[in-house]
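**Q** This is the structure I want to talk about, given as structure tokens.
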Amino acid sequence: MFKTRIRILIIFLCFLLITNTPVLSQQPGFTCKVTKVKDGDTFKCESGVSIRVWGINTKELKSKDPKEKELAIKAKLELENTILNETLYCVPKGASYNRIVAQCYMLNDLGRYMIDTGLAEEVPFYSKNYYHKTIYLHNHNMIK
């Protein structure tokens with residue numbers, strides 16, 4: 001867990017150095033102390049609000065496919081080990097099934113982190129290729 005937090009801190013600091021912008025001050029949002037992780041892309045705040053992580057999707061825990069179910073369990077555990085009892089900063093992007101869809105940050109973008117672990121995939125229909133574009137721009141030295 002300590003290594004994960006260090007990794008998140010390093011990624012966040014690299015992002016700040018690359019973009020040279022104060023990420024969290026760009027859009028209004030709210031804080032969320034995470035009290036429960038429901039699956040790899042949904043969690044609950046101390047206030048009772050449920051959050052669906054914006055722009056990503058993880059495998060479903062109810063899947064009948066054993067491989068998908070295993071990935072779903074890994075995604076949930078990874079998210080749980082990363083954010084449970086932590087306070088996140090979330091920027092609302094919409095709503096879905098009585099949940100707020102939000103881009104959330106602890107030390108870095110939670111969606112980006114879950115994609116980087118290989119346990120989540122970007123959903124371009126919702127993210128408008130946000131994560132893919134970020135990687136492309138960084139890899140082609142277009143973000144400094």
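Just so it is clear, none of the values below were taken in a lab; they were calculated from the coordinates. Worth saying up front: this structure is predicted, and the values here are computed from it rather than measured. Quick reminder, even Gly has a Cβ in these numbers, built from the backbone with ideal geometry, and neighbours come from all protein chains shown.
**Q** Expressed in nm to one decimal, what extension gain is obtained for the pair residue 87 and residue 38 from 0.36 nm per residue of sequence separation less their Cα-Cα distance?
**A** Result: 16.0 nm gained on full extension.
**Q** Under a Cβ-Cβ cut-off of 12 Å, what is the net charge of the residues other than residue 48 that fall near it, where Lys and Arg count +1 and Asp and Glu count -1?
**A** Net of charged neighbours comes to +3.
**Q** Can you tell me the order of 32-40, 102-110 when each peptide is scored by its average per-residue count of other Cβ atoms within 10 angstrom, highest first?
**A** Peptide ranking by packing, descending: 102-110, 32-40.
**Q** Hey, another quick one. With θ set to phi - 60°, apply the Karplus curve 6.51 cos²θ - 1.76 cosθ + 1.60 along the range 70-84 and write out the HN-Hα couplings as whole Hz, x wherever there is a Gly or Pro.
**A** Whole-Hz 3J(HN,Hα) from phi for the range 70-84: 4, 5, 4, 5, 4, 5, 4, 5, 4, 5, 4, 5, 8, 10, 4.
**Q** Using the number of other C-beta atoms within 10 angstrom as an exposure proxy, rank 43, 30, 125 with the fewest first. List each step's numbers first, then the result.
**A** Details: 43 26, 30 16, 125 8.
Fewest-to-most Cβ neighbours within 10 Å comes out as 125, 30, 43.
**Q** Now, a different point. Determine, for each peptide in 50-58, 73-81, 88-96, the mean count of other beta carbons within 10 angstrom over its residues, then list the peptides with the highest first.
**A** So the peptides 50-58, 73-81, 88-96, ranked by packing, come out 50-58, 73-81, 88-96.
**Q** Continuing with the same structure: Give me the extension gain from residue 73 to residue 49: residue separation times 0.36 nm, minus the current Cα-Cα distance, reported in nm with one decimal. Write down the numbers at each step before the final one.
**A** On the way: separation 24, 0.36 × 24 = 8.64 nm, distance 2.24 nm.
That pair, residue 73 and residue 49, stretches by 6.4 nm at full extension.
**Q** Straight-line reach from residue 64: which aspartates and glutamates have Cα under 17 Å away, leaving out those fewer than 8 places along the same chain?
**A** Reachable aspartates and glutamates: 39.
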